[in-house]
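Trainee: Pasting in a structure now, in structure tokens, and then I'll have a few things to ask.
Values quoted throughout were computed directly from the atomic coordinates according to the rules given, and no laboratory measurement underlies them. Just so you know, these numbers come straight off a predicted model, no measurement behind them. As a convention, Cβ positions derive from the backbone with ideal geometry for all residues, glycine included, and neighbour counts pool all protein chains shown.
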Amino acid sequence: MKLSRKSDYALRALFSLVAYRGQGPISIRTLAEQNDIPRRFLEQIMLDLKSRGWVESIAGRDGGFVLAKRPEEITMGEIVRHFDGILAPISCVSTSDYEPCSQEGVCRFRRVMLDIRNYIARLMDNATLSTVFAGAIVSREEVFSAELNYGDGI
């Protein structure tokens, strides 16, 4: 599974709003600069997040965006499904974007893909903005851990 830029940028912006929660609104310019997101693209994303009720916009010179819900009420699964549509690695194991495959009756790796879909969905649906924000930031050493890095393309 690979997140789209929209999902990536939406999550970046939302986590900035979690970090600033209770300190007032954050301007679109600040959100864009802090998160290395093109401003025009971020404007579209924030309007989309607003239409879903996840953020509110506050007009005026000191305006900007704030969370419309508590961080405990928004999951990564909701955000990614909204922007990307599916969490399944292949369409023959997707419930929302299912496409039949001629090999379904004999496919040996489809089970693994279904397990991956279910595991990812559970993780993302249990990952609220609050719990993820409270977690540790991933280090470079973790990404390149020798015990897990035994193949190209990880």
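Trainee: Pull the list of the chain cysteines that no other Cys approaches to under 4.7 Å, Cβ to Cβ.
Mentor: Cys107
Trainee: Taking the Cα atoms only, what angle lies between the long axis of helix 39-51 and the longest principal axis of the chain, rounded to 10 degrees?
Mentor: With rounding to tens, the tilt is 80 degrees.
Trainee: On to the next question. Would you mind calculating the relative contact order of region 7-102 from Cα pairs under 8 angstrom and at least 6 residues apart, reporting the percent as a whole number?
Mentor: Value for region 7-102: 25 percent.
Trainee: Once fully extended, how much extra length lies between Glu43 and His82, figured as 0.36 nm per residue of separation less the alpha-carbon to alpha-carbon distance?
Mentor: 12.4 nm
Trainee: Something else now. Between Arg61 and Cys107, what is the label-point separation in nm under the 7 Å Cα-to-beta-carbon projection?
Mentor: With each label point 7 Å from Cα toward Cβ, the separation is 5.9 nm.
Trainee: Using label points projected 7 Å from each Cα along Cα→Cβ, tell me how many nm separate Ala136 and Glu72, to one decimal.
Mentor: Rounded to a tenth, the inter-label distance reads 2.5 nm.
Trainee: Given charges of +1 on the Cβ of Lys and Arg and -1 on the Cβ of Asp and Glu, with all other atoms neutral, how large is the dipole of the chain about its Cα centre, in debye to the nearest 20?
Mentor: On the way: 20 positive and 20 negative charges, 64 e Å.
With Lys and Arg at +1 and Asp and Glu at -1, about 300 debye.
Trainee: Could you give the angle, 0 to 90 degrees to the nearest 10, between helix 5-19's Cα long axis and the longest principal axis of the Cα atoms of the chain?
Mentor: 50
Trainee: Hey, if you drop one equal point scatterer on each alpha-carbon of the chain and run the Debye formula without solvent, what base-10 log of I(q)/I(0) do you get at q = 0.15 Å⁻¹?
Mentor: -0.90
Trainee: Size of region 34-73 along its principal axes in angstrom, Cα-based, largest extent first?
Mentor: 27, 21, 19
Trainee: According to a simple spin-label model (label point 7 Å from Cα along Cα-to-Cβ), what is the distance in nm between Asp115 and Gln23?
Mentor: Going from the Gln23 label point to the Asp115 one covers 4.4 nm.
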